[in-house]
Every structure is written in structure tokens, then in C-alpha cells.
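Chemist: Below: one structure in C-alpha cells.
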Amino acid sequence: MTDSNHDAVRRENLERARVNADRSVPTDSLPYRGRWTRRHWAHASVLTTMGVLLAAIVPGFSSVLEHPGDMQMQRMTLALSLPKLDKRAAKSTDDQWQSVTLKPGQTLSGVFEELGIPYDQLARVMQHPKIKPTLRKLRPGTALSFNLPADGSVRAMRLEAGPGIGDTPIELEFSGDTLRERAVPVEITTRTVVLTGEVGKSLFASARKLGLGSAQLNQLTDEMFKYDIDFDSDLGEDDRFSVVVDQTWKNGQLVNTGPVLAATFTVDGKLKSAFRYMRDGKPEYFTPDGRSLRRPFIRMPIPYARLSSGFGGRRHPVLGRFRLHKGVDYAAGTGTPIQAAGDARVEFVGRKGGYGNTVILNHGGGKTTLYGHMSRFAKLRPGQRVAQGTVIGYVGSTGLATGPHLHYEFRVNGVHMNPLKMTLPPPTPLTGQSLVAFKSETHRALEKIREVEDVVFQLDDGSRVASAAAKPAPAPKKG
């Protein structure tokens, strides 16, 4: 390349450098002398839009930040005329009742001291001529209530009905130096209710949750269904039961639950029902059509015991040789009560060889029962009459026994029979006027049972099941 060519290239490079330097100068310092392109117009539009938005938004924020007191809610006050406060209402709302139940050995002065009531109030109560004799008769379990307002005074004292007090609660009202006595009105109502639920893991726990006590549980297991249900093994967790009782309420509080009027159980999908009715002055239980549920002999002389050995040949656990087992054995803890299997006359009470302590009952018609290995006897004597279910002794392990259990035998004319397979005719069913009276008396309980079954056991198609074990059929799937 010649020198002239080099000079031409250098001049061209210098010219390009100058042009680039001119373009690097800020646009706000030098006026734009060229023609605007499309890109320039787009940038200008964006910048203009941002400027408008900032002008509209920023002043609003600044006004809030600089003048917070300018934006306040407007409030309106409206004067209302209120009724005058009733002094009696004010007094009642100030009432604060505290209740104490007398414990064994606790005195009235101890109760006053526990609640912080001044001694002068106790002296006034003790000297009241009408209440003084009653206070001396207070017994453990008596409920005492005191009206103690917030000012520390004693407004009134109430003695609930109980031993030595009578059937009506008494209230003592303190007014200045006077002590006024008045009877507290009592509202007593009786309601026929039906309690229903599932057996679950424990019939007794489930029944108690429903409000049934020991008396009602004993009626279910020891009187109504003791011939038909083995409560140790027959019931499943999903089986249901319903119980009809009369409950007595006093001033809104449950104070008593009467005997079971009717009940139903499910066993293996079959409904078993019982209705209470007085026959010949004694409570007895019947089916809805008047057939007696009573049997001449109890299925198990020990409630809830476990059958540990059946009737027939076996190797004797003590003697170690094959021997005919002439009865059945029920395993139970020492001291468990043993009941008479049926109405009978006591034939023998005492020690009897390998049987140990033994009781033999004569039921008439050549039928006798034997109860062996007892730990001790009830108050029995030969010739004494005992009713079915009477406690005649207690489980033990006397005689040839490896552990506490009851050996139970059933004999007919001296021949040993399997007590679990004995079938004897039931008592005479109700007929005539007795049946009419029974149905009239049990109608109320029957309707209660039907109400519960209609709700719990009605099928989706509207039909009613005949068994309390049946479950509602699933609804058909749509589509």
C-alpha cells in the first residue's frame, strides 16, 4: 500500500471517531439536529405516559403522609332514653349461690368457715327457733346452698330436701337483723324416655353413658334376658339395645330413674324384647304378645362367668385320669355370688367330699341342682325355701379344684343331665283379662320402642325391619 493510501485511511478513521464522540454527548445538553426515527417516538411516548401517572398518583400519597389528621371518619351520636333500672332485678343479678354437700364428720360451723361466712351469721342461723331442730338432724350427703353476693355478705341459705329436712327445701333469707324462712317451690315432673345405643366394647360402659344405673343394668342382665342372652359371649360390638324407663326430674335436675319398663336387644340378628308387668304382685317380664320370659331354671347360676369345662368325659385335672364330668364348670373369681337356678327348697348345706363346700337344691318333680367348691355359704339352712336368683353362696376352690370356679350339676330323678341342653316348659302365658291389662299397661312403653326402631332401623324404601340388628340399605347410586 502506498503512502497516499495510508493517509486516506487515517483521515477516514479520524472522521469516524469525531462522529462517535458527538453522539456520546447527552441529549439534554445539546439540541437534536437530526430527524426523529420510529424508536425515538416510541421512547418519548413511554416517558410521557409515566410522567402523567406519577403526577396523578404521587400527590395522593404525599397528602396522606403529610396530613394524616385530615382524613377522619365522621361520627354521629344519638341520645337514647333508657328505662329505669329495677332494684329487684339488680339484686337478683347480684345473686351468687354456692353449694356444699356435707361430708361425714363435717359440721355446719366447718361449712361456714370453709366458705368464709362470718360467725355471727352462723349464730343467727343456729338460734332460729324453727330451723334449729332441723340443723341438729343434718346427715352426710345433705346439700347446703348459700347466696353470697360480691360484697361479702350472706343473703340467704338453702337446705335441700333430705334426711331430717323433709320433702321441701327450706330457704333462710337474711334481712338486717331478721331471719325469714320460706319453703322453696319444687317442680317435679316424670317423663317416659327411651335410651338407645350400641353395645360397643362394654355393655355396662355404654349403658352408663346413657344414664342407666346399677339397678337398671341388673334388671337387664339378671332378670329380663338372663335366660336368653349370655352377656359374656353372645353380644357383638355392633348390636344395639333400647331401654324404656320413667325418669323423675326436680327443678330441672334428674333425681331418679325408675325400673326398666321395656327393653330390646339384638343377638345374631334377632330382636329380643321384654316388657315389665306385675303378675300375682311380683314383677315379671313378657314378650309383646304376653308370653313369659321367665324359665324354670337360669341358664347360668353365675352372671357373666366363663364356661371352663363342659358336660361329658374328660381327664380329671387333679386325679389325672379319664372320668365322666357330670356337670359344667364356670370359672370366676373367689367370692363371686352364686344364684339359685330356680325356685327350690334347700336340701343340703355343708362339706361333701371332692365337691368341697356344697349346696343341693330340690326344685320338685324329681329335679335337683348341685353347686360345688364354694368358698363360703350364704345364710341357708336345710328345708328353707329360696326363690330363683337368690344368692346361696360364693365361688371358691374347696375340695378337688385347681382354681376358683363353680361346679354345677343338674339331675332328674337322680340321673345327671347336661344343664346347657335342658329344655323345660315355660310358665303359663297371659290370657283373658290379664292379657288385656298387660297390653293396656305396656302400650306406652311399646310405642316408645317403636318410635326408636322407626328412626334407627327404617329402610330407604320405606319398609321397616323386623330385627334391630338390621342396618339401613345403602341408597342406590345415581347415573
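The values are calculated or read from the model by the stated rules, or taken from the named source; none is laboratory data. If you're wondering where the values come from, they're calculated on a predicted model, not measured in any experiment. Here the Cβ is made from the backbone with ideal geometry for all residues, glycine too, and neighbour counts use every protein chain on show.
Chemist: So which residues in region 188-213 are touching a helix residue (DSSP H, G or I) at 6+ places or on another chain (Cβ under 7 Å) and among the hydrophobic types (A, V, I, L, M, F, W, C), if there are any at all? First the steps, then the outcome.
Modeler: Residues of region 188-213 touching a helix residue (DSSP H, G or I) at 6+ places or on another chain (Cβ under 7 Å): 192, 194, 196-200, 204, 207.
Scanning region 188-213 gives VAL194, VAL199, PHE204, ALA207.
Chemist: What tally of residues in region 322-376 results from selecting those that are under 18 Å from VAL415 (Cα atoms) and touching a helix residue (DSSP H, G or I) at 6+ places or on another chain (Cβ under 9 Å)?
Modeler: 3
Chemist: Suppose the filter is surrounded by fewer than 16 Cβ atoms within 10 Å (Cβ to Cβ), basic (Lys, Arg) and at pLDDT 90 or above; does ARG376 pass it? Spell out the reasoning first.
Modeler: Values: surrounded by fewer than 16 Cβ atoms within 10 Å (Cβ to Cβ): yes; basic (Lys, Arg): yes; at pLDDT 90 or above: yes.
Spelling it out, ARG376 is indeed surrounded by fewer than 16 Cβ atoms within 10 Å (Cβ to Cβ), basic (Lys, Arg) and at pLDDT 90 or above.
Chemist: Sticking with this structure for a sec: Cβ contacts < 6 Å: first residue under 17 Å from ALA207 (Cβ atoms), restricted to region 247-275; second residue charged (D, E, K, R), any location; separation 6+ or different chain. Result?
Modeler: GLN247/ARG191; GLY258/ASP246; LEU261/ARG276; PHE265/LYS272; THR266/ASP239; THR266/ARG240; VAL267/ASP234; LYS272/ASP228
Chemist: Can you find even one residue in region 385-395 that is of a type in the set (Lys, Arg), modelled with pLDDT of 90 or more and closer than 21 Å to LYS282 by Cβ? Working first, answer last.
Modeler: Filtering region 385-395 down to residues of a type in the set (Lys, Arg) leaves 385.
Cutting the leftovers down to modelled with pLDDT of 90 or more gives us 385.
The next check asks that each one be closer than 21 Å to LYS282 by Cβ; those that pass are 385.
Yes - at least one qualifying residue is present in region 385-395.
Chemist: Right, something else. Name the single residue that is surrounded by the fewest Cβ atoms within 10 Å (Cβ to Cβ) among those in region 393-444 being over 30 Å from VAL245 (Cβ atoms) and of a type in the set (Lys, Arg).
Modeler: Taking region 393-444 and keeping what is over 30 Å from VAL245 (Cβ atoms), we get 393-425.
Next, from what is left, pick out any that are of a type in the set (Lys, Arg): 411, 421.
Details: ARG411: 18, LYS421: 8.
Residue satisfying both the conditions and the ranking: LYS421.
Chemist: So, one more: Looking at ARG124, is it closer than 23 Å to ILE188 by Cβ and at pLDDT 70 or above? Even if it seems obvious, please write down each step before you answer.
Modeler: Values: closer than 23 Å to ILE188 by Cβ: no; at pLDDT 70 or above: yes.
In short, no.
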